[in-house]
Structures are given as C-alpha cells and as structure tokens.
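What follows is a single structure, written as structure tokens, with notes after it.
The values are calculated or read from the model by the stated rules, or taken from the named source; none is laboratory data. Being a predicted model, the structure only gives us computed values, none of them experimental. Cβ coordinates were reconstructed from backbone atoms using ideal geometry, including for glycine residues, and neighbour counts include every protein chain displayed.
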Amino acid sequence: MLQEHEREKLMLTLTLQSLQQTYALQGFSWQRDDADEVDVLDPLAVRTCACRQGHHGHASQPEPTEAEFNAAVREAQVALDDHINSINETLEEVRYAEDELGRDV
C-alpha cells in the first residue's frame, strides 16, 4: 500500500512539474498575445505545437483552456496532498508498531 502511494506521488509530481514548466515557458496559446504568430521553428513553440498537431509520435490532443489547466493543477495538487497524507499516516502507524514491539521486549 505504501509503495502504491509512493508511485502515485511520483506520477503526480511529474504531472505538476510538466504543467508548471509548460506554463512557465508560456507554452499555451492563451498565455501569449501573439498566439496566431507562433514560430514553429522556435524550440519552445514546437514543444507544445508539435504535441498538439501529432508530430514526434505524440497523439494529437487539443490544448487545454486556461480553466481546464487551472482545474488540472488543482486536481493534481489535491491528489498529491492526499497521497502524501496517506504515506505519512502509514509511516506513523509503522513507528507506533515499532514502539509497541520495543516495549514488549
């Protein structure tokens, strides 16, 4: 169970980092004033445009709206917090069990 929470924690951390990096690089068209004038040869533009258009072996997926992006970040953060809390609770139970075993010896 602990390993399952750790795995999900890692996946959610990667998801959040990916979303935050794309946002920081202004990878979404709704972040840019010149969204219609994106240079596809610009490596920063290719990172998001190519993925949306199905290049580089990625499936074509529509770009999220700003509201969808914000909702995805909130959802991932809440799920991450839940997994971290579950990990901490499990570790606390293990510590408690260790203490109980130590007292019995």
Practice task
Among the residues of the range 59-77, write down those that are assigned to a helix (DSSP H, G or I) and surrounded by 11 or more Cβ atoms within 10 Å (Cβ to Cβ).
Solution key: E66, E68, F69, N70, A71, A72, V73, E75, A76, Q77
Fill in the blank from the handout: Contact list, first residue from the range 64-93 and within 25 Å of Q26 (Cα to Cα), second anywhere and part of a loop (DSSP other than H, G, I, E, B), beta-carbon distance below 7 Å, six or more apart or interchain, is F69/F28; A72/P64
Handout entry: Tabulated pairs, the range 1-24, first loosely packed, with under 14 Cβ neighbours inside 10 Å and assigned to a helix (DSSP H, G or I), second at pLDDT 95 or above and not acidic (D, E), C-beta under 6 angstrom, 6+ apart or interchain
Key = L2/T90
Problem - Hits in the range 25-34 (condition: in contact with a helix residue (DSSP H, G or I) (Cβ under 6 Å, 6 or more places away or on another chain) and assigned to a loop (DSSP other than H, G, I, E, B)) - result: L25, G27
